[in-house]
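**Student:** What follows is a structure written as structure tokens; I'll ask about it next.
What follows is calculated from the coordinates using simple rules that are stated; it is not laboratory data. Just so we're clear, the structure is a prediction, and the values are computed from it rather than from any experiment. All Cβ positions, even for glycine, are placed from backbone atoms using ideal geometry, and neighbour counts span all protein chains on display.
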Amino acid sequence: MPHVLHAEHINKYYHDPVTFQVLNDISLTINKGEFVSIVGKSGCGKSTLLYILSTMDTDYKGKLEINGELITGQQQNYLAHFRNQHIGFIFQFHFLLQEFTVLQNVMIPALKLGVHTPREIEQRAMEKLTLMGIADQANKPAKNLSGGQQQRAAIARALINNPTIIIGDEPTGNLDSENSIIVFDILHELTHTHGQSIIIVTHDSEFANRTDRIIEMHDGHIVSSHSTE
Ligand SMILES: Nc1ncnc2c1ncn2[C@@H]1O[C@H](COP(=O)(O)OP(=O)(O)OP(=O)(O)O)[C@@H](O)[C@H]1O
Ligand SMILES: [Mg+2]
């Protein structure tokens, strides 16, 4: 299977207050259409790894390739553009602009990318909101939505540029089990229908068990990586 992300010998240190190694020789490959979860105790380095894989953190040793492009060593403006085009990031807290409408929030990354007309972008944003089951909420200010609806709006926003990879840091951390299942099903559907790859950090073992592969971390190392079938 073709891979979309390949990380090799990633090492990272923090120096504050003393030097310690937060990631220790991490190597991993994510295939096209694969849905992977990353699990491990609080503080083991999951978020740190995600920030590197999503090209937001460039301060590490090792090599990162995404979509066949070498990411390591690239300039910030290249990375910002690459990220907007290829990576959809979903956070635990959704960071929607509260005073803007849901539709406007979803459109922003595509307007920034500047490839399509605002009219096309609006149409695409509505498609994503429909996919998330919240098209009827499009014209409300984000602050008027429920927590689960806001998280789904944030996912629609992460999908607007049809990213190659969707990366989430505990995207269901603030959702009840019903909404977690809805989010899981939507993500699962994307890997099957659009061949997108997904990497999700989660503390929810039920969620992890339903993904294709679980990568387990401990103290900055990958200690296991196994398919769930
Ligand atoms: N900017 C920083 N400077 C120094 N140490 C940091 C910094 N950011 C994180 N750390 C430390 O690095 C380690 C890994 O943090 P990280 O946030 O990656 O953990 P995590 O696995 O995501 O945990 P959680 O499940 O609680 O979110 C922790 O010991 C944390 O205290
Ligand atoms: Mg974390």
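**Student:** Could you state the angle between the C-alpha long axis of helix 102-113 and the longest principal axis of the C-alpha atoms of the chain, as a value from 0 to 90 degrees rounded to the nearest 10?
**Tutor:** Helix 102-113 sits roughly 60 degrees off the main axis of the chain.
**Student:** Grab the Cα-Cα distance for H226 and N209, subtract it from 0.36 nm times how many residues apart they are, and report the gain in nm with one decimal. Walk me through the numbers on the way to the answer.
**Tutor:** On the way: separation 17, 0.36 × 17 = 6.12 nm, distance 1.05 nm.
Gain on stretching H226 to N209: 5.1 nm.
**Student:** Here's something else I'd like to know. Can you tell me how segment 106-210 classifies by the Cα gyration tensor, rounded, prolate or oblate, using a/c under 1.5 as the rounded cut?
**Tutor:** Judged from the Cα gyration tensor, segment 106-210 comes out oblate (a/c at least 1.5, b/c at or above a/b).
**Student:** Moving to a separate point now. Hey, what D do you get for segment 148-198 in µm²/s if you plug the Kirkwood alpha-carbon radius into Stokes-Einstein at 20 °C and 1.002 mPa s? Intermediate results must be reported in sequence, preceding the final value.
**Tutor:** Details: Rh = 11.2 Å.
The Stokes-Einstein estimate is 192 µm²/s.
**Student:** Out of all DSSP beta bridges with both ends in the chain, state the antiparallel percent to the nearest 5.
**Tutor:** Values: 22 of 39 bridges.
The antiparallel proportion sits near 55 percent.
**Student:** So, in Å, what gap is there between the alpha-carbon centers of segment 1-44 and segment 158-229?
**Tutor:** So the separation of the two Cα centres works out to 15 Å.
**Student:** Quickly work out the F100-to-N174 label distance, labels modelled 7 Å from Cα along the C-beta direction, and quote it in nm with one decimal.
**Tutor:** Spacing of the two 7 Å Cα→Cβ label points: 1.7 nm.
**Student:** Separate question: In terms of the Cα gyration tensor, with a ≥ b ≥ c the square roots of its eigenvalues, is the chain rounded because a/c is under 1.5, prolate because a/b exceeds b/c, or oblate? If you can, show how the numbers build up before the last one.
**Tutor:** Details: a/c = 1.69, a/b = 1.43, b/c = 1.18.
Here the chain falls in the prolate category.
**Student:** Now for a different question. Using a Cα-Cα cut-off of under 13 Å, which aspartates and glutamates could be cross-linked to K61, ignoring same-chain neighbours fewer than 8 residues away?
**Tutor:** E8, D25
**Student:** Would you calculate the separation in nanometres between label points at N162 and H194, each defined as 7 Å from the Cα along the Cα-to-beta-carbon direction?
**Tutor:** Using points 7 Å along Cα→Cβ, the separation is 0.9 nm.
**Student:** I'd like to know which of G114, S47, F207 lies farthest towards the positive end of the charge dipole of the chain, counting +1 on Cβ of Lys and Arg and -1 on Cβ of Asp and Glu.
**Tutor:** It is G114.
**Student:** Further question on the same structure: Taking the simple approach of a point 7 Å from Cα along Cα-to-Cβ for both T117 and Q21, what is their distance in nm?
**Tutor:** For the pair T117/Q21, the computed spacing is 5.6 nm.
**Student:** Could you name the aspartates and glutamates in cross-link range of K143, using Cα to Cα under 12 Å and dropping any fewer than eight places away on the same chain?
**Tutor:** List returned: E99.
**Student:** Quick one: compute the contact order of segment 45-101, relative version, from alpha carbon pairs under 8 angstrom and 6+ residues apart, as a percent.
**Tutor:** On the way: 23 pairs, mean separation 14.1, N = 57.
The value is 25 percent.
**Student:** Additional query: Need the list of lysines near K140 for cross-linking: C-alpha distance under 26 angstrom, and skip anything on the same chain fewer than eight residues off.
**Tutor:** Here the lysines satisfying the reach criterion relative to K140 are K112, K128.
**Student:** So how tilted is helix 177-193 from the main axis of the chain? Cα-based, degrees 0 to 90, rounded to 10.
**Tutor:** 80
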